[in-house]
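**Student:** Below is a structure I'd like to ask you about.
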Amino acid sequence: MKKSLIATGLTAVAFAAMPALGVFADVTDTVILTINGSCSVGQTQGSPVQGGGVEVKEENAVNNQLYTWDADGSQGGTLKVTCNDASGWNVKAVGSSNGSPVTSMATSGTGTPIVTGTATSGATSNWMFKVAGAGVTANEGYANWSAVPATATKVATGGGAISEGQINTGYQVWVSATQEAGTYTGKVTYTVAPGA
């Protein structure tokens, strides 16, 4: 008899520990939405080229001349950036050709490539770039004429929260007295990403 009283006592304790169903019960659903930081870039100025970007050119160049497409929104390229990252956004630039880092202006003929640099006179031809714009801070002196970087380099930052900015790109080419005749092509790839 003593044995069965112990079993009954344990059963009563077990029922007392369980909550009463239907009384003060709460159920909480949690909804989590993650919006990844993203930036978009659109062209607002310049002659479009396949794959994005613009083409600036001079078809009647002569030796011993400096050619300029300024970063004023009317001559070089102009890009509009929209970004939703609270930390802002950044723009990186790199000289490129078919996806590879190349800083020289190559020719389809037999001429000597035009190397990047900031010379505006002398015996060596050079080409260079700069950035400017509204809602943009140029980095590392890239508001001035600069050599085209061989690796992706941060050249400008902007924004905060949800922001927009306009990036103007400019180019300059010094053609020396001895530069061979031909068509020379240089490219700069710009990448926009979240985070200043």
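**Student:** Which condition does residue 127 not pass, out of (1) of a type outside the set (Val, Ile, Thr); (2) open to solvent by 60 Å² or more (accessible area, probe 1.4 Å); (3) part of a strand (DSSP E or B); (4) modelled with pLDDT of 85 or more, if it passes all the others?
**Tutor:** Against the list (1) of a type outside the set (Val, Ile, Thr); (2) open to solvent by 60 Å² or more (accessible area, probe 1.4 Å); (3) part of a strand (DSSP E or B); (4) modelled with pLDDT of 85 or more, residue 127 comes up short only on (2).
**Student:** OK, next. Restricting to the stretch 71-97, and then to whatever is surrounded by fewer than 16 Cβ atoms within 10 Å (Cβ to Cβ) and in a loop (DSSP other than H, G, I, E, B), can you tell me which residue is nearest to the chain's Cα centre (by Cα)?
**Tutor:** Only one residue tops the list, namely 87.
**Student:** If you check 140, 59, which single one turns out to be over 16 Å from the mean Cα position of the chain (by Cα), among the charged types (D, E, K, R) and either closer than 14 Å to residue 184 by Cβ or exposed (fewer than 13 other Cβ atoms within 10 Å of the Cβ) (or both)?
**Tutor:** From the options 140, 59, the qualifying one is 59.
**Student:** Are any residues in the stretch 163-194 outside any strand (DSSP E or B) and open to solvent by less than 20 Å² (accessible area, probe 1.4 Å), and if so, which ones?
**Tutor:** 176
**Student:** Suppose we filter the stretch 143-162 for residues that are open to solvent by 30 Å² or more (accessible area, probe 1.4 Å) and without any contact (Cβ under 8 Å) to a residue 60 or more places away in the chain; how many remain?
**Tutor:** Counting residues in the stretch 143-162 that are open to solvent by 30 Å² or more (accessible area, probe 1.4 Å) and without any contact (Cβ under 8 Å) to a residue 60 or more places away in the chain gives 6.
**Student:** I would also like to ask the following. Show the residue pairs that are 6+ apart or on different chains and have beta-carbon atoms under 9 Å apart, the first residue being within the stretch 55-75 and within 17 Å of residue 114 (Cβ to Cβ), the second being open to solvent by 90 Å² or more (accessible area, probe 1.4 Å) and assigned to a strand (DSSP E or B).
**Tutor:** Between residues of the stretch 55-75 that are within 17 Å of residue 114 (Cβ to Cβ) and residues that are open to solvent by 90 Å² or more (accessible area, probe 1.4 Å) and assigned to a strand (DSSP E or B), the close pairs are 55/48.
The values are calculated or read from the model by the stated rules, or taken from the named source; none is laboratory data. Note that this is a predicted model, so its numbers are computed, not measured. Using ideal geometry, Cβ is built from the backbone for each residue, glycine included, and neighbour counts are taken over all protein chains shown. What goes into the accessible areas is simple: the full protein's heavy atoms, side chains included, and nothing from ligands, DNA or RNA. Shrake-Rupley method; radii C 1.70, N 1.55, O 1.52, S 1.80 Å.
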